[in-house]
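What follows is a short report on a single structure.
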Amino acid sequence: MPRIDLPLETRPDLQVLNQQGPFAAISATCETLGVGRGGRLLIENLNFSLENGRALVVAGPNGAGKSTLLRAFAGLLPPAKGRWSITTGASDAQEPGALAHYLGHAEASKPALTARENLEFWRAMLAIPGPASLHTPDSALKALGAPQIVDLPVAYLSAGQRRRVALARLLLAPRPLWILDEPLTALDASGQALLNTLMREHLALGGILIAATHAPLGVEALQLMLGAEGAA
Amino acid sequence: MSASPLAALFLREIRVARRIGGGGMMGVVFFLILVTITPFAIGPDLNLLSRIGPAILWIAALLSTLLGLDRLFQADHEDGSLDLMLACETPLELIVLVKCLAHWTVTGLPLVIAAPLFGLMLALEPEAFWAVAASLLVGTPALTLLGAIGAALTVTLRRGGLLTAILVLPLAIPLLIFGVSAAASATSVTTPFMTPFLILCALTLGALAAAPFAVAAALRHMSE
């Protein structure tokens, strides 16, 4: 299994996560999964299994069903056929909504509130039992290279800055499964590099990453090509 | 600091409503407009005004509650927040209840406080003030909760405001009947206050128990 070695001993926050709670022995399994939209089956007979530290990249042409599949993984769309399950060392067969971060096209930030207010709300809302994140809205935005925007209303931010605010959610509530729909959209080169580092850290911790993307993510990942053959 | 999810949600809703563009004050201003123009339309007949005053206040409260309700879930649906709320561990029914409570605190509670003041413009008897305020205090939460059902059913529609009103009005008619008769009882000798008031309380408690489940079911269905 390709694991990225990071100096975990220098990061006490990551060490805690690595050893206990939902990050221990997580696996996500797809059995003959079929996903549809509006009565039409878009994806059929999908089989794969992901364990600690593995990433899956979903690729395919526009309209192939990437976003629909990711919504199903996040528990927002019941599978039309088959099974999608996540088990952890803590307890088995948990709801995806309790273990996964879902980052879709919409950023889920209120324009009238500041970045800090938005992030504090999601931090409280998305927290799951287990070790709490040591991140604050300030430190999470700093990790994403935008510490100066923390007290600005989101309405005043650029598209790339809004994306960074949304990505900061991933750090504020530690969850073992990241489901990212086009995470690189609107990010500049330095933002992409920072996100790449965060994804590597997440995988090194033992987390799982599922992303739909057209651009290369820069992490070692299984490839799932939709619209061509179907299952990988 | 780690606040509980529901407390954080309540705080966020209040903040969003109070900021510019949140529409928190829209309901009270609309209420004021309706109550202000009524005496001009009806004329200076004080006896007539004080007789229909409670009904005018209740109609104004009903319409101004409906006015802001269509954005209750739509804004969250458009910016993706609703997806995260649907998926998160906190039961959706509780999230709905807290959102309705926050919405009522911002739009319904000011109406209750303002109603006696606006009653002056409608030549209400002083002893009718408290009856109007009490009936609105008990009745407006039910208006918000019933309205939330309509708002949830029209969450994916762009201009769902009118449809929300059409869906909700039949459900709101019992509230209107008992609310107005409780509010008017202070000045009439035929109706006692407690009978319609207690029925109004019962309707509100029923809405409080049932509406969050209906709203949550509608939101789950509409988001698929």
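Once segment A:69-87 is narrowed to residues that are under 15 Å from the mean Cα position of the chain (by Cα) and either open to solvent by 50 Å² or more (accessible area, probe 1.4 Å) or within 13 Å of chain B (Cβ to nearest Cβ) (or both), the residue that is farthest from A:Leu180 (Cα to Cα) is A:Ile86.
Tell me, yes or no, whether segment A:120-129 has at least one residue that is in contact with a Lys or Arg (Cβ under 6 Å, 6 or more places away or on another chain) and without any contact (Cβ under 8 Å) to a residue 40 or more places away in the chain. Yes, because at least one residue in segment A:120-129 is in contact with a Lys or Arg (Cβ under 6 Å, 6 or more places away or on another chain) and without any contact (Cβ under 8 Å) to a residue 40 or more places away in the chain. Scan segment A:176-215 residue by residue and report those that are out of contact with any Phe, Trp or Tyr (no Cβ under 9 Å at 6 or more places or on another chain) and part of a loop (DSSP other than H, G, I, E, B). Those that are out of contact with any Phe, Trp or Tyr (no Cβ under 9 Å at 6 or more places or on another chain) and part of a loop (DSSP other than H, G, I, E, B): A:Glu182, A:Pro183, A:Leu184, A:Thr185, A:Ala186, A:Leu187, A:Asp188, A:Thr213, A:His214, A:Ala215.
When only residues in segment B:90-132 that are open to solvent by less than 30 Å² (accessible area, probe 1.4 Å) and of a type in the set (Val, Ile, Thr) count, which is nearest to B:Thr38 (Cα to Cα)? Taking the candidates together, the pick is B:Val132. Can you find a residue in segment A:182-204 that is within 22 Å of A:Gly36 (Cα to Cα) and either out of contact with any Leu (no Cβ under 7 Å at 6 or more places or on another chain) or open to solvent by less than 20 Å² (accessible area, probe 1.4 Å) (or both)? Taking every residue of segment A:182-204 in turn, at least one turns out to be within 22 Å of A:Gly36 (Cα to Cα) and either out of contact with any Leu (no Cβ under 7 Å at 6 or more places or on another chain) or open to solvent by less than 20 Å² (accessible area, probe 1.4 Å) (or both). Pick out the one residue from A:Thr114, A:Thr197 that is within 12 Å of another protein chain (Cβ to nearest Cβ) and more than 21 Å from A:Ala74 (Cα to Cα). Answer to the check: A:Thr114. Is it fair to say B:Gly43 is of a type outside the set (Asp, Glu), within 14 Å of another protein chain (Cβ to nearest Cβ) and more than 30 Å from A:His101 (Cα to Cα)? No; evaluated as a whole, the condition is false for this residue. Screening the candidates B:Asp70, B:Asp79 for the property of being surrounded by fewer than 20 Cβ atoms within 10 Å (Cβ to Cβ) and touching a Ser or Thr at 6+ places or on another chain (Cβ under 8 Å) yields one hit, B:Asp79.
Of the residues B:Ile33, B:Ile52, B:Ile37, B:Ile56, which is over 22 Å from B:Ala172 (Cα atoms) and more than 11 Å from chain A (Cβ to nearest Cβ)? Lay out the reasoning, then the answer.
Values: B:Ile33 fails: over 22 Å from B:Ala172 (Cα atoms); B:Ile52 fails: over 22 Å from B:Ala172 (Cα atoms); B:Ile56 fails: over 22 Å from B:Ala172 (Cα atoms).
Exactly one residue qualifies, and that residue is B:Ile37.
Within segment B:139-166, being open to solvent by less than 30 Å² (accessible area, probe 1.4 Å), of a type in the set (Val, Ile, Thr) and not in a loop (DSSP other than H, G, I, E, B) holds for B:Thr140, B:Thr144, B:Thr164. Taken across segment B:93-112, residues that are among the charged types (D, E, K, R) and under 30 Å from A:Pro129 (Cα atoms) do occur, with at least one present.
Note on segment A:117-171: among residues that are away from every other protein chain (no Cβ under 11 Å) and among the acidic types (Asp, Glu), the one that is surrounded by the fewest Cβ atoms within 10 Å (Cβ to Cβ) is A:Asp151. Is it the case that segment B:35-44 has a residue that's buried (at least 22 other Cβ atoms within 10 Å of the Cβ), more than 17 Å from B:Gly139 (Cβ to Cβ) and modelled with pLDDT under 90? No, that holds for no residue.
Conditions tested, residue by residue: (1) touching an Asp or Glu at 6+ places or on another chain (Cβ under 8 Å); (2) among the small types (Gly, Ala, Ser); (3) modelled with pLDDT under 85; (4) open to solvent by 70 Å² or more (accessible area, probe 1.4 Å).
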{"position": "A:Arg3", "(1), (2), (3), (4)": "no, no, yes, yes"}
{"position": "A:Thr10", "(1), (2), (3), (4)": "no, no, yes, yes"}
{"position": "A:Leu17", "(1), (2), (3), (4)": "no, no, yes, no"}
{"position": "A:Gly21", "(1), (2), (3), (4)": "no, yes, yes, no"}
{"position": "A:Ala24", "(1), (2), (3), (4)": "no, yes, yes, no"}
{"position": "A:Ser27", "(1), (2), (3), (4)": "yes, yes, yes, no"}
{"position": "A:Ile43", "(1), (2), (3), (4)": "no, no, yes, no"}
{"position": "A:Leu56", "(1), (2), (3), (4)": "no, no, no, no"}
{"position": "A:Lys66", "(1), (2), (3), (4)": "yes, no, no, no"}
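Taken over segment B:69-99, the criterion of being within 8 Å of chain A (Cβ to nearest Cβ) and among the polar types (S, T, N, Q) is satisfied by B:Ser81, B:Thr90. Scanning segment B:183-197 turns up at least one residue that is in a helix (DSSP H, G or I), more than 14 Å from every other protein chain (Cβ to nearest Cβ), surrounded by fewer than 15 Cβ atoms within 10 Å (Cβ to Cβ) and not aliphatic (A, V, I, L, M).
The values are calculated or read from the model by the stated rules, or taken from the named source; none is laboratory data. This one's a predicted model, so the numbers in the text were calculated from it and none came from an experiment. Cβ: placed from backbone, ideal geometry, glycine included. Neighbour counts: every protein chain shown. What goes into the accessible areas is simple: the full protein's heavy atoms, side chains included, and nothing from ligands, DNA or RNA. Shrake-Rupley method; radii C 1.70, N 1.55, O 1.52, S 1.80 Å.
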